[in-house]
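The values are calculated or read from the model by the stated rules, or taken from the named source; none is laboratory data. Quick caveat: nothing in here was measured; it's all calculated off a predicted structure. Cβ placement follows ideal geometry from the backbone for every residue including glycine, while neighbour counts extend to all protein chains displayed. For accessibility, only protein heavy atoms count, side chains too; no ligands or nucleic acids. Shrake-Rupley method; radii C 1.70, N 1.55, O 1.52, S 1.80 Å.
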Amino acid sequence: MRLLLVEDDDHVAAALSAILARHGFQVTHARNGEEALQALLPAGTPPFGVVLLDLGLPDQDGYEVCGKIRKRTSIPVIMVTARSDVRSRIHGLNLGADDYVVKPYDTGELLARIHAVARRRAGAAGASASGGNVVRLGQVAVELETRRVTVDGADVPLTRKEFDLLALLAQRPGVVFRREQIISEVWRTSWEGTGRTLEVHVASLRSKLGMPALIETVRGVGYRLVAPAAAP
Ligand code: CA
């Protein structure tokens with residue numbers, strides 16, 4: 001798998017590159033945000049399977065780089081940083097990072113996380129390749145393949161996480177999903193700080209879909225999607 005390592009510390013990058021190479025990764029090293037974005041420009045063959053993004057970069061903020069990467073491609077991004085506070089993590093995940101690893105990290109754990117995001121991405125690609133997967137909930141249609149959501153045929157633009165959240169609930173209407181379960185599936189993390197983020201996303205989904213009753217809060221437990229009566 002090709003891996004883009006964005007790290008301004010050459011010493012750290014060399015050590016990590018050696019470990020990654022030993023585990024079969026083909027590593028491209030970028031020393032700053034600009035180099036990282038440049039490396040992603042040519043549609044490489046094969047394309048990068050994952051980006052390891054250090055947040056402390058000399059030319060631009062790592063968060064900014066993550067946002068720019070996310071605008072161009074859905075390539076998995078793992079943020080690697082010494083900033084361990086919850087707000088930094090939430091900020092990173094909201095910008096579309098797939099995972100967040102705090103320095104100093106255990107290389108075994110880092111490798112496991114790289115494989116996990118790559119696997120999930122391959123799984124998502126496989127699901128979309130099988131095609132035509134649309135969940136219909138009354139006037140709402142959730143097209144899993146194209147990540148498109150319509151209400152009465154009109155497109156409703158959702159953020160990535162809003163879509164993931166809706167798609168998760170929509171696959172089993174009526175079933176209560178526990179908060180921890182949703183956080184672990186959609187945000188791929190278990191830390192407490194995401195709770196607020198979940199509420200914010202649910203509120204946003206209710207409002208964007210114009211159907212506040214579609215997602216029901218099950219107090220103290222989590223959420224479920226209330227299957228609307230099918231149109232006659
Ligand atoms: Ca750095």
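So the values come out like this:
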quantity: Meets criteria (within 12 Å of the ligand (Cβ to nearest atom), closer than 28 Å to residue 108 by Cβ and free of Cβ contacts under 8 Å to residues at least 60 places away in the same chain) for residue 51; calculated: no
quantity: Boolean, residue 39 is free of Cβ contacts under 8 Å to residues at least 60 places away in the same chain, within 26 Å of residue 196 (Cα to Cα) and touching a strand residue (DSSP E or B) at 6+ places or on another chain (Cβ under 7 Å); calculated: no
quantity: Pair list, Cβ under 6 Å, 6 or more apart: the range 6-22 residue at pLDDT 95 or above, other residue open to solvent by less than 30 Å² (accessible area, probe 1.4 Å) and of a type in the set (D, E, K, R); calculated: 6/54; 7/54; 13/7
quantity: Residue within the range 141-148 that is farther than 26 Å from residue 97 by Cα and open to solvent by 60 Å² or more (accessible area, probe 1.4 Å) present; calculated: no
quantity: Selection status of residue 22, over 23 Å from the mean Cα position of the chain (by Cα), open to solvent by 70 Å² or more (accessible area, probe 1.4 Å) and away from the ligand (no atom under 11 Å from the Cβ); calculated: yes
quantity: Filter result (farther than 19 Å from residue 12 by Cβ and at pLDDT 70 or above) within the range 104-135; calculated: 112, 115, 116, 117, 118, 119, 120, 121, 133, 134, 135
quantity: Of residues in the range 58-79 being within 16 Å of the ligand (Cβ to nearest atom) and among the β-branched types (Val, Ile, Thr), the one surrounded by the most Cβ atoms within 10 Å (Cβ to Cβ); calculated: 65
